[in-house]
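Heads up: the structure comes next, in structure tokens.
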């Protein structure tokens, strides 16, 4: 089996952290640049409530799916664990654990819908570096509670 070099491991870690930061900063162009042109992203249709999923094929479909985050005043995606394995010299797979906070307004206050997520990723090396070829989102736990929004997640 091929192993990942330290440089490849760092590049993959950078990729998953840039995804989280781009979503939180609402920089969806930067997020889409992290995907291969023929990438797919699979996500639950009703996270934490139904096992049903939908697969978004290609950058336009992924952009439409990720665009839903713009309606939230704040998100915070904290990558809490990564495991990367080489598949070949130019392909790898990963397991990325993340805690994703989604603040929203309700009844004159703010709530936080928190997802404890595992991403199952497949990465491909391109001329531009490592990119997501496939990203599958699995919500393991979902909690909610009252919060106070201190800083909206608007782009800077």
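The values are calculated or read from the model by the stated rules, or taken from the named source; none is laboratory data. Computed from a predicted model, the values in this text were never measured in an experiment. Methodologically, a virtual Cβ is constructed for each residue, glycine included, from the backbone with ideal geometry; neighbour enumeration extends over all protein chains shown.
Miscellaneous remarks
- Taking the criterion of being assigned to a loop (DSSP other than H, G, I, E, B) and in contact with a strand residue (DSSP E or B) (Cβ under 7 Å, 6 or more places away or on another chain), the residues of segment 4-45 that qualify are 4, 34, 45.
Conditions tested, residue by residue: (1) modelled with pLDDT of 95 or more; (2) not in a loop (DSSP other than H, G, I, E, B).
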{"site": "47", "(1), (2)": "no, no"}
{"site": "64", "(1), (2)": "yes, yes"}
{"site": "79", "(1), (2)": "yes, yes"}
{"site": "110", "(1), (2)": "no, yes"}
{"site": "117", "(1), (2)": "yes, yes"}
{"site": "123", "(1), (2)": "yes, yes"}
{"site": "133", "(1), (2)": "yes, yes"}
{"site": "142", "(1), (2)": "no, yes"}
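- Annotation for segment 64-73: at least one member residue is surrounded by 12 or more Cβ atoms within 10 Å (Cβ to Cβ), over 25 Å from residue 37 (Cβ atoms) and in contact (Cβ under 8 Å) with a residue 60 or more places away in the chain.
- Taking segment 95-116 as the range and being without any contact (Cβ under 8 Å) to a residue 24 or more places away in the chain and closer than 22 Å to residue 36 by Cα as the test, only 97 passes.
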